[in-house]
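The values are calculated or read from the model by the stated rules, or taken from the named source; none is laboratory data. Predicted model only: the values in this text are computed from it and were never measured. Cβ placement follows ideal geometry from the backbone for every residue including glycine, while neighbour counts extend to all protein chains displayed. Quick note on the areas: whole protein, heavy atoms, side chains included, nothing else; ligands and nucleic acids left out. Shrake-Rupley method; radii C 1.70, N 1.55, O 1.52, S 1.80 Å.
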Amino acid sequence: MSAVWISKDSWEKVWNALHNIQVRQNFAVQTPCATLSGNGSSARLNIDLPGTAASSGDGAAAYDGFFKLIAIDEEVEVPDDEGEGTHTEILHRIAVVDGATWEPAAETSGPGQCFVDNALFEVDAWISEPLDDEVYPEQPVLDKIAVLKYTPFQPAAEAGGTEGEEDYQPPVPEVPAGVTVELLDEIPFHPNRILYHPLGRVFLTWNTETESTSMEIQQDHTSGAVFMEAYYSGMFACDLEVEEDAEGNPQFWISVSGGTFSVSSKLFQVDPFEAEFSGAGTLYLVYNPEGFELEEEEETPVYARIEYSETEPALSHLVIGHVSTAATAGGIVFPVVAQQQKDDFFILLDMDVYTGDFAVHPTEDGVVVRAGSTDIGNLDDTEFGEDANGKSIYLIGLSDGTDYSVELYCGDEEPESEYKSFPIQIATVDSSGIPHQVWKSGSIRFADLYLL
């Protein structure tokens, strides 16, 4: 049998999935099946077996696992409208509980289990407020949806701007990652970092004859513990932001978080990016060694930035994510943002492989030419500052007719001496401070050159 080659990423996904097998009961499947989910260390092999739930007295399937929806009807005495007495009304609430440990009298149960990647979140039993005020003669029918909502960790942020001024941004406290139960009218357009998992639906109806509310629930989640896959949240994380315009229509913004990346071992800081959604396109990390044209308020040269475009940039770039489109039943077109690059450290251009005599490497403030030897003299490490940007570095042999020496210089102005060799180009340095090695032949023999 011939060999089969697979990528390293694919092999890691298969290897981790085989070591992370989840067997679960699923009432939505008729025959056993398996699915592969996640990537890297979060890869998982899910094996779903047909559910065999017991039946309640009315013949309906009775689910008693994690995140079961339970109707709670409570009789209460409320004052008459005339204020001359009281009457009995039934208030309707719902609970999301662990059906196996639910205690109706105490209205308590054990926690439900929700896995986000490989992290376990235990979610306590949740009971709503009375829902009767949700329906009335002008809105006699309403359905709501119970969901699990995962919110990732949000770091604290210091205040920005000047307090009392328009640019002031109040401090933001640290928010730990968590999973909560919420009862919504609908699952909203939401940022990538937020995850929702539907549990079931609640149907409320107002009876105009009896002036009372009736409630029914539909259990949709019937597979025990919940498994979610978190969105990428590292550097250059692609996201979707939603706002409402003056008419109440959704306005969509595409955003990418900031980060750092390396070009030939030199680090660059890239600012966060935000742009109004304009249709399908691609999000790029673009590098320009000559620097982008500065905006009016910018003073520091910018060599890398995020771009959102339908066409591929002509400059060096990496694809960070893709923006596609979808539409609701009402015809609202909205973006779907998919993360492409999920590494937390970005290397755009490979470092020069040459490491011999006179190898040039970037530094925080410029470049350094490593020590090298020649037949007429040797040099230690030599640093050049930012004035080397956009220029070339040369090595030249010098002599006064008796003694010989070697010197490195930057630019076109050669050192003064009675006799000189031909200059040897060691490297060029682009305007962003990235060196590009020219000399790659180790030590230098000036005996092979003529002295002028």
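Give the lysines whose C-alpha is closer than 22 Å to that of residue 391, dropping any in the same chain fewer than 8 places away, or say none.
Residue 391 reaches 266, 420, 440.
Sum -39500 (n - 2.57) across every DSSP H segment of at least 4 residues in the chain, then divide by the residue count to get the 222 nm mean residue ellipticity, nearest 500.
Only helices count here, giving -500 deg cm²/dmol.
Using the Karplus curve 6.51 cos²θ - 1.76 cosθ + 1.60 with θ = phi - 60°, what ³J(HN,Hα) values do you get for each residue of segment 224-240, in whole Hz, with x for Gly and Pro?
So the Karplus estimates, Gly and Pro as x, are x, 4, 9, 10, 10, 10, 6, 6, 4, 9, x, 5, 6, 6, 7, 9, 10 Hz.
If you place +1 on the Cβ of every Lys and Arg and -1 on the Cβ of every Asp and Glu, how big does the dipole about the Cα centre of segment 130-242 come out, in debye to the nearest 20?
660
In terms of the Cα gyration tensor, with a ≥ b ≥ c the square roots of its eigenvalues, is segment 352-395 rounded because a/c is under 1.5, prolate because a/b exceeds b/c, or oblate?
Here segment 352-395 falls in the prolate category.
Given 0.36 nm per residue, what is the gain on full extension from residue 280 to residue 403 after removing their alpha carbon distance, in nm?
Result: 37.5 nm gained on full extension.
Mind grabbing the accessible area of residue 36 for me, 1.4 Å probe, Å², rounded to tens?
90
Listed highest first by mean packing, meaning other Cβ atoms within 10 Å per residue, what order do 427-437, 328-338, 68-78 come in?
The densest-packed peptide leads the list: 427-437, 68-78, 328-338.
When a/c is below 1.5 the answer is rounded, else prolate if a/b is larger than b/c, else oblate, so apply that to segment 162-273 with a ≥ b ≥ c taken from the square roots of the Cα gyration tensor eigenvalues.
Prolate, because a/c is 1.5 or more and a/b exceeds b/c.
Run the numbers for residue 297 and residue 159: contour at 0.36 nm per residue of separation, minus the present Cα-Cα distance, in nm.
Gain on stretching residue 297 to residue 159: 47.5 nm.
If you line up the long axis of helix 8-18 against the longest principal axis of the chain, both from Cα atoms, how many degrees apart are they, to the nearest 10?
For 8-18 against the chain, the angle is about 30 degrees.
Once you have a ≥ b ≥ c as the square roots of the Cα gyration tensor eigenvalues for segment 277-328, tell me rounded if a/c is under 1.5, and otherwise prolate or oblate according to whether a/b is larger than b/c.
Prolate is the answer for segment 277-328, as a/c is 1.5 or above and a/b outweighs b/c.
Charges on Cβ only, +1 for Lys and Arg, -1 for Asp and Glu, centred on the Cα centroid of the chain; of 379, 126, 313, which one is farthest towards the dipole's positive end?
Value computed over the given set: 379.
Under a 5 Å amide H to amide H cut-off, with H placed in plane at 1.01 Å, what residues pair with residue 363 once short-range neighbours are removed?
The answer is 368.
Write down, largest first, the equivalent ellipsoid semi-axes of the chain in whole Å, where each equals the square root of 5 times an eigenvalue of the alpha-carbon gyration tensor.
Values for the chain, descending: 67, 27, 18 Å.
In the chain, with Lys and Arg counted as +1 and Asp and Glu as -1 at Cβ, which of these residues, 213, 159, 66, has the Cα nearest the positive end of the dipole, that is, farthest along it?
Ranked along the dipole, the leading option is 66.
With a 1.4 Å probe and all protein chains kept in place, how do 210, 101 rank by accessible area, largest first?
Ranked list, largest accessible area first: 210, 101.
Quick one: what are the phi-derived ³J(HN,Hα) couplings along segment 195-200, Karplus 6.51/-1.76/1.60 with θ = phi - 60°, whole Hz, x for glycine and proline?
Listing the rounded values in order: 10, 10, 10, x, 10, x Hz.
Per residue, how much accessible area does segment 165-316 show when a 1.4 Å probe rolls over the protein heavy atoms, in square angstrom?
Ligands and nucleic acids excluded, the result is 57 Å² per residue.
At residue 334 and residue 216, where each label point lies 7 Å from the Cα along Cα→Cβ, what is the point-to-point distance in nanometres?
Modelled inter-label distance: 2.7 nm.
Based on Cβ point charges of +1 for Lys and Arg and -1 for Asp and Glu, what charge dipole magnitude is obtained for the chain about its Cα centre, in debye rounded to the nearest 20?
Charge dipole, the chain, about its Cα centre: 3280 debye, nearest 20.
Placing +1 on the Cβ of each Lys and Arg and -1 on the Cβ of each Asp and Glu in the chain, which of 196, 256, 230 has its Cα farthest towards the positive end of the resulting dipole?
Checking the options against the dipole of the chain, the answer is 230.
Amide H of residue 116 versus every other amide H placed in the peptide plane: which residues, excluding those fewer than 5 positions away on the same chain, fall under 5 Å?
121, 228
What length, rounded to one decimal in nm, is gained on full extension from residue 312 through to residue 368, with 0.36 nm per residue of separation minus their alpha-carbon distance?
16.7 nm
Which lysines have a Cα lying under 24 Å from the Cα of residue 149, excluding residues fewer than 8 positions away in the same chain?
Cross-link targets: 68, 342.
Going by amide H atoms built from the backbone, whose H comes under 5 Å of the H on residue 237, apart from near neighbours?
257
Which ³J(HN,Hα) values, rounded to whole Hz and listed in residue order, are derived for segment 416-431 from phi using the Karplus coefficients 6.51, -1.76 and 1.60 in 6.51 cos²θ - 1.76 cosθ + 1.60 with θ = phi - 60°, glycine and proline given as x?
Using θ = phi - 60°, the values come out as 7, 6, 5, 10, 9, 8, 5, x, 10, 6, 8, 6, 10, 10, 6, 5 Hz.
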